[in-house]
């Protein structure tokens, strides 16, 4: 009985290790490319927050670089979960921070971005290579 139990344990550990190895590599270059679209204000004062703005995102491996009116070529870590969802904090130059929470589905990125009093929704589509 103890032999049977230990072999089950070993196969369970091997199975978990297999998942851990497959996790990051699954999405590493599956999302690579340039995505363009707009960000639209969902919450915040109009005087402070741009109502709409062009956004460009480039994903390369485990990095995501984005450009909009507030940031130019800002690079953050990109570690999507298996379902394509991700969330990162971006430390701003002025000491503030932004939070990006989104998901890549097929060729589309939908994300919600909080930057101070402003909240925007990004809707970006992957450009053909």
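Yes or no: the stretch 26-41 includes at least one residue that is farther than 21 Å from residue 129 by Cα, at pLDDT below 95 and outside any strand (DSSP E or B). For the stretch 26-41, residues farther than 21 Å from residue 129 by Cα, at pLDDT below 95 and outside any strand (DSSP E or B): absent.
In the stretch 78-96, is there at least one residue being within 26 Å of residue 47 (Cβ to Cβ) and within 12 Å of the chain's Cα centre (by Cα)? Looking through the stretch 78-96, at least one residue is within 26 Å of residue 47 (Cβ to Cβ) and within 12 Å of the chain's Cα centre (by Cα). Could you list all residues from the stretch 57-72 that are within 22 Å of residue 117 (Cα to Cα) and in contact with a strand residue (DSSP E or B) (Cβ under 6 Å, 6 or more places away or on another chain)? Answer for the stretch 57-72, where residues must be within 22 Å of residue 117 (Cα to Cα) and in contact with a strand residue (DSSP E or B) (Cβ under 6 Å, 6 or more places away or on another chain): 66, 67, 68, 69. Of the residues making up the stretch 50-65, just one is free of Cβ contacts under 8 Å to residues at least 12 places away in the same chain and part of a strand (DSSP E or B), namely 65. Taking the numbered list (1) in the same structural domain as residue 107 (by TED's automatic domain parsing); (2) over 15 Å from the mean Cα position of the chain (by Cα); (3) at pLDDT below 90 in turn, residue 51 passes all entries but (3). The strands (runs of 3 or more DSSP E) located wholly in the stretch 75-127 that include 1 or more residues which are touching a residue at least 60 places away in the same chain (Cβ under 8 Å) occupy 97-105, 108-115, 118-126. Could you list, in sequence order, all residues of the stretch 41-59 that are more than 14 Å from residue 127 (Cα to Cα) and surrounded by 15 or more Cβ atoms within 10 Å (Cβ to Cβ)? Passing the criteria: 41, 44, 49, 50, 53. Scanning the stretch 102-129 for residues that are surrounded by 14 or more Cβ atoms within 10 Å (Cβ to Cβ) and over 14 Å from residue 42 (Cα atoms) turns up 102, 103, 104, 108, 109, 124, 126.
Applying the set (1) closer than 20 Å to residue 32 by Cβ; (2) modelled with pLDDT of 90 or more to residue 118 leaves exactly one unmet item: (1).
The values are calculated or read from the model by the stated rules, or taken from the named source; none is laboratory data. Since this is a predicted model, take the numbers as computed values, not measurements. Note: ideal-geometry Cβ built from the backbone for every residue, glycine included; neighbour counts use all protein chains shown.
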